[in-house]
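Asks: Can you keep this structure in mind? I'll have questions shortly.
The values are calculated or read from the model by the stated rules, or taken from the named source; none is laboratory data. Just so it is clear, the structure is predicted and the values come from calculations on it, not from any experiment. We place every Cβ from the backbone using ideal geometry, glycine too, and count neighbours over all the protein chains shown. Areas reflect the complete protein model, heavy atoms only, side chains present, ligands, DNA and RNA absent. Shrake-Rupley method; radii C 1.70, N 1.55, O 1.52, S 1.80 Å.
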Amino acid sequence: MGISNNVFDTALIFEGGGMRGSYTAAVLCALLEEGIYFDYAAGISAGATHCVNYISRDIARARRSFVDLVNDKNFGGWGSFFKGHGYFNSDYIYGKTAYAKESLPFDFKTFMENPAQMRIGAFDMRRGKMKYFSKNDVTDISSLMNIVRASSSMPFFMPKTTIGDDEYIDGGVGGGIALDIAKYDGYEKFFVILSRPKGYRKKSVKIKMTVKSRYWKYPFVAKAIKYRHVKYNKTLDELEELEKQGKAFLVYPDVMPVSSRETDYGKLYKSFDMGYEQASRDIEKYKEFLGLGQNAKSY
């Protein structure tokens, strides 16, 4: 029997947030453990990693990507940053770890056999707009991981990513929550895993001259960073309205114990445990919203 899904009318959306993904990865794991299989998953930045781990149904990799990987000496840090590889070592994390016998082997076969649609967003630096990749853009593990890398290339802290003739930076620059593409793809219900507590709103950047200086060759990037908070906050407002209408389920972390650049294994381990405890507590609410009742595990 092939891979099948059981949620067809609702888009699963993963927000980014760097190592805050240690908390939201636990929600992903709980969904898979309970047999909650969405037929559509979208993600940006760290949410892009969640997206591919979810579609490949790899609970272990979902956790290791945001907890255990920091113990890898090649993971990153300021040494990696000053060598040009990024605070998170892009070349290593996305270029090497996904292969067999490496630290984060990726189940590409399951990923491709799963009929679920994938949408991963990255910001096109020259055109100044979001690019959403799908499985149609994937030919092998290398191409997939380069898409994830493009979506996750944090401004300032990681180098840009090249795909074909185009250059990309973190999809968070273009907003950070892939609600727009899910709506474009025809979805009217949304299950959104957020990485900030309820009530959070992003503030405008205070280092505007630094942004202009760093990205003087890419005026669209500087402008997008400047106004990023406006789009992000507008999306949150829309999600809250959809929640009131019963069209969205928003998973907010009770608290967020780590920052986007946290590299302390103990803190990330605790963050995952906190996320898992929350998801375990609320899993029946997830099922109720999705219309799965008590029988999700039977699929």
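Asks: Take every DSSP beta bridge with both residues inside the chain and express the antiparallel ones as a percent of the total, to the nearest 5.
Replies: Numbers: 11 of 29 bridges.
Taking every DSSP beta bridge within the chain, about 40 percent pair in antiparallel fashion.
Asks: Of SER56, SER151, SER45, which has the largest mean-square fluctuation in a 10 Å C-alpha GNM of the chain?
Replies: Its mean-square fluctuation being the largest, the pick is SER56.
Asks: Got a sec? Which residues in the stretch 41-67 would a label at ASP273 touch, if it sits 7 Å along Cα→Cβ and we count backbone N under 15 Å?
Replies: 67
Asks: As a quick test, which of the pairs LYS231/LYS267; LYS129/LYS206; LYS135/LYS206; LYS135/LYS189 have an alpha carbon distance above 26 angstrom in this structure? Walk me through the intermediate numbers first.
Replies: On the way: LYS231/LYS267 31 Å; LYS129/LYS206 23 Å; LYS135/LYS206 37 Å; LYS135/LYS189 22 Å.
With Cα atoms farther than 26 Å apart: LYS231/LYS267; LYS135/LYS206.
Asks: Among ALA46, ALA11, ALA100, which one shows the highest mean-square fluctuation when the chain is modelled as a Gaussian network with alpha-carbon springs under 10 Å?
Replies: With Cα springs under 10 Å in the chain, the top fluctuation among ALA46, ALA11, ALA100 is at ALA100.
Asks: Of the listed pairs LYS83/LYS223; LYS202/LYS234; LYS203/LYS226, which have alpha-carbon separations greater than 18 Å here?
Replies: On the way: LYS83/LYS223 27 Å; LYS202/LYS234 10 Å; LYS203/LYS226 10 Å.
Table pairs above 18 Å Cα-Cα are LYS83/LYS223.
Asks: What angle do you read, to the nearest 10 degrees and between 0 and 90, between the alpha-carbon axis of helix 219-244 and the longest principal axis of the chain?
Replies: 20
Asks: Next question. Roughly how many Å² is the accessible area per residue of the stretch 121-166, as a whole number, for a 1.4 Å probe? Intermediate values should be presented prior to the final figure.
Replies: Values: 1940 Å² over 46 residues.
Value returned for the stretch 121-166: 42 Å² of accessible area per residue.
Asks: Ignoring any ligand, DNA or RNA, what whole percent of the accessible area of the stretch 152-288 comes from carbon and sulfur when the probe is 1.4 angstrom? Show your work: numbers first, answer last.
Replies: Values: 3820 of 7370 Å².
Taking all protein chains in place, the stretch 152-288 shows 52 percent carbon and sulfur surface.
Asks: Any aspartates and glutamates with Cα under 19 Å of the LYS109 Cα? List them, leaving off those in the same chain fewer than 8 positions away.
Replies: Partners within reach: ASP39, ASP58, ASP137, ASP140.
Asks: Would you list, by chain and number, the aspartates and glutamates whose Cα falls below 15 Å from the Cα of LYS217, excluding same-chain residues fewer than 8 positions away?
Replies: The reachable aspartates and glutamates, counting only those whose Cα sits under 15 Å from LYS217, are ASP124, ASP166, GLU167.
Asks: Students often forget the sequence filter, so: which aspartates and glutamates lie under 15 Å Cα-Cα from LYS198 once same-chain residues fewer than 8 apart are removed?
Replies: GLU15, ASP237, GLU238, GLU240, GLU241, GLU243, ASP254
Asks: Calculate, in nm to one decimal, what GLU102 and VAL230 gain on full extension: separation in residues at 0.36 nm each, minus their alpha carbon distance. The partial results should precede the final answer.
Replies: Details: separation 128, 0.36 × 128 = 46.08 nm, distance 4.02 nm.
This chain segment gains 42.1 nm when fully extended.
Asks: Express the accessible area of the stretch 226-299 per residue in Å², computed with a 1.4 Å probe while the remaining protein chains stay in the model. Could you put the intermediate results ahead of the total?
Replies: Working: 4340 Å² over 74 residues.
Computed with neighbouring chains in place, this is 59 Å² per residue.
Asks: To test your reading of the geometry: what angle, between 0 and 90 degrees and rounded to tens, separates the Cα axis of helix 46-55 from the longest principal axis of the chain?
Replies: Between the helix axis and the principal axis of the chain, the angle is about 40 degrees.
Asks: For the chain, what is the calculated [θ] at 222 nm in deg cm²/dmol (nearest 500), taking -39500 (n - 2.57) for each run of four or more DSSP H residues and dividing by its residue count? Intermediate results must be reported in sequence, preceding the final value.
Replies: Values: 11 runs with 125 residues, N = 299.
Dividing the helical sum by the residues of the chain leaves -13000 deg cm²/dmol.
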